[in-house]
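> Please read through the structure below; I'll follow up with questions.
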Amino acid sequence: MRALALVSVVVCALVMSAPSHAAPAATLKHIRPRDHDAALLLRFGAERSARFREIVRQLERSNVIV
């Protein structure tokens with residue numbers, strides 16, 4: 001559970017790190033990267049880590065927007 005909280009904080013930090021001017025990813029409704037770099041990092045994490053993908057799935061099933 002501690003890892004989930006840590007990764008959630010990292011995802012939030014990436015998403016909030018730059019001004020909003022990027023379009024949201026077509027397949028994600030609850031995770032909205034704020035710029036191209038954040039979107040690339042989100043994609044990289046999802047491609048490389050099963051745990052990261054699971055966290056993204058949990059966020060997408062939730063009623064929050066990050």
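The values are calculated or read from the model by the stated rules, or taken from the named source; none is laboratory data. Here the structure is a predicted model, which is why all the values come from computation and not from measurement. Cβ sites come from the backbone with ideal geometry, for glycine too, and all protein chains shown count toward neighbours.
> Within the stretch 1-54, take every residue that is at pLDDT below 90, part of a loop (DSSP other than H, G, I, E, B) and among the aliphatic types (A, V, I, L, M) and give me the one that is farthest from residue 66 (Cα to Cα).
Here the residue is 1.
> Related question: Does the stretch 55-66 hold any residues that are touching a Lys or Arg at 6+ places or on another chain (Cβ under 9 Å) and assigned to a helix (DSSP H, G or I), and which are they? Walk me through how you get there before you give the answer.
So the first thing to find is which residues in the stretch 55-66 are touching a Lys or Arg at 6+ places or on another chain (Cβ under 9 Å), and the list is 60, 65-66.
Once the filter is applied, which keeps residues that are touching a Lys or Arg at 6+ places or on another chain (Cβ under 9 Å) and assigned to a helix (DSSP H, G or I), the stretch 55-66 yields only 60.
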